[in-house]
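One structure below.
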Ligand SMILES: [Zn+2]
Ligand SMILES: [Zn+2]
């Protein structure tokens with residue numbers, strides 16, 4: 001069975017015509033079920049957490065992020081989302097997920113999440129020291145940091161996120177490779193720490209093809225070195241496309257299946273109401 005649990009409707013709207021394209025692409029690629037994982041920045045319930053955490057000063061990053069927070073953000077309440085998804089469920093096999101950024105105040109996140117019946121919750125490290133490192137417009141910021149510090153901070157953020165107990169899945173692990181900043185030092189201690197934190201928190205690995213087709217690195221996240229560690233720790237996985245456009249739903253799914261099989265995986269997780277079951281892959 002093929003599933004895709006990581007995609008976003010945000011480039012369109014909660015509109016049946018727009019989202020039909022995701023279901024059409026899923027059918028074309030033979031997916032049995034999809035899950036939508038809207039970003040936390042879709043919802044006003046999370047707005048204050050962004051203003052608390054992000055760099056919003058007059059620096060290049062701050063100036064960019066001030067505009068970013070006002071562009072296509074916080075436009076639907078969680079109630080709007082659940083109403084729309086429940087209407088979609090009448091005709092489609094679709095799960096209700098969410099992708100939450102790595103906020104510092106995890107008890108505030110818990111309060112928001114606990115009020116809703118999500119099928120699964122993805123936690124993703126999108127910010128390091130309040131800087132959205134995946135934004136190509138502030139890519140210059142990468143030159144202001146030592147790559148070792150970035151690995152250290154990324155790992156600390158995963159450890160915090162995992163320790164909160166708020167999540168089922170870690171989104172696109174080690175996508176800090178997305179702009180091809182490759183380490184020339186030994187990263188094995190970071191890989192081990194992330195895997196150990198995930199194991200303790202019962203977090204699944206989001207094997208995400210978004211970095212395969214949307215970023216310069218052009219590889220599936222997590223990369224092979226972490227996949228080996230994940231397999232050694234027996235971490236469960238999901239496979240996802242991180243589609244932002246309808247036609248990308250299930251994109252590179254078959255390549256991802258071969259990829260995970262090469263590390264010994266033959267099952268993925270399926271979620272309902274935050275309960276998990278293993279299903280055969282393929
Ligand atoms: Zn993400
Ligand atoms: Zn995403």
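The values are calculated or read from the model by the stated rules, or taken from the named source; none is laboratory data. Computed from a predicted structure; not experimentally measured. Please note: Cβ atoms are built from the backbone with ideal geometry, for glycine as well, and neighbour counts cover all protein chains shown.
Tabulated values for the structure
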read-out: Residue check for residue 186: outside any helix (DSSP H, G or I) and either within 16 Å of ligand 1 (Cβ to nearest atom) or in contact (Cβ under 8 Å) with a residue 60 or more places away in the chain (or both); value: no
read-out: Neighbours by Cβ (under 7 Å, 6+ apart or cross-chain): first from the range 97-117, under 12 Å from residue 161 (Cβ atoms) and part of a loop (DSSP other than H, G, I, E, B); second at pLDDT 95 or above and within 14 Å of ligand 1 (Cβ to nearest atom); value: 102/123; 102/124; 102/125; 102/126; 102/127; 102/157; 102/161
read-out: The range 93-103, subset under 19 Å from the mean Cα position of the chain (by Cα) and more than 27 Å from residue 131 (Cβ to Cβ), residue surrounded by the most Cβ atoms within 10 Å (Cβ to Cβ); value: 96
read-out: Residues of the range 192-225 satisfying the condition of being surrounded by fewer than 23 Cβ atoms within 10 Å (Cβ to Cβ), away from ligand 1 (no atom under 16 Å from the Cβ) and part of a helix (DSSP H, G or I); value: 192, 193, 196, 197, 199, 200, 201, 224, 225
read-out: Search result, residues across the range 43-75 that are surrounded by 14 or more Cβ atoms within 10 Å (Cβ to Cβ), within 16 Å of ligand 2 (Cβ to nearest atom) and not in a helix (DSSP H, G or I); value: 43, 73
read-out: Members of the range 76-92 that are loosely packed, with under 14 Cβ neighbours inside 10 Å, in contact with a strand residue (DSSP E or B) (Cβ under 9 Å, 6 or more places away or on another chain) and not in a loop (DSSP other than H, G, I, E, B); value: 86
read-out: Which numbered condition residue 135 fails, given (1) in contact (Cβ under 8 Å) with a residue 60 or more places away in the chain; (2) surrounded by fewer than 20 Cβ atoms within 10 Å (Cβ to Cβ); (3) away from ligand 2 (no atom under 16 Å from the Cβ); value: (3)
read-out: Meets criteria (touching a residue at least 40 places away in the same chain (Cβ under 8 Å) and within 16 Å of ligand 1 (Cβ to nearest atom)) for residue 141; value: no
read-out: The range 143-191: number of residues that are within 15 Å of residue 125 (Cβ to Cβ) and out of contact with any helix residue (DSSP H, G or I) (no Cβ under 8 Å at 6 or more places or on another chain); value: 7
read-out: Some residue of the range 4-13 being assigned to a strand (DSSP E or B), in contact with a strand residue (DSSP E or B) (Cβ under 8 Å, 6 or more places away or on another chain) and within 16 Å of ligand 1 (Cβ to nearest atom); value: yes
read-out: Meets criteria (without any contact (Cβ under 8 Å) to a residue 12 or more places away in the chain and surrounded by fewer than 18 Cβ atoms within 10 Å (Cβ to Cβ)) for residue 272; value: no
read-out: Residues of the range 123-137 classified as within 16 Å of ligand 1 (Cβ to nearest atom) and either on the phi > 0 side of the Ramachandran plot or touching a helix residue (DSSP H, G or I) at 6+ places or on another chain (Cβ under 6 Å) (or both), total; value: 4
read-out: Some residue of the range 166-176 being at positive phi, modelled with pLDDT of 95 or more, within 16 Å of ligand 1 (Cβ to nearest atom) and crowded, with 18+ Cβ neighbours inside 10 Å; value: yes
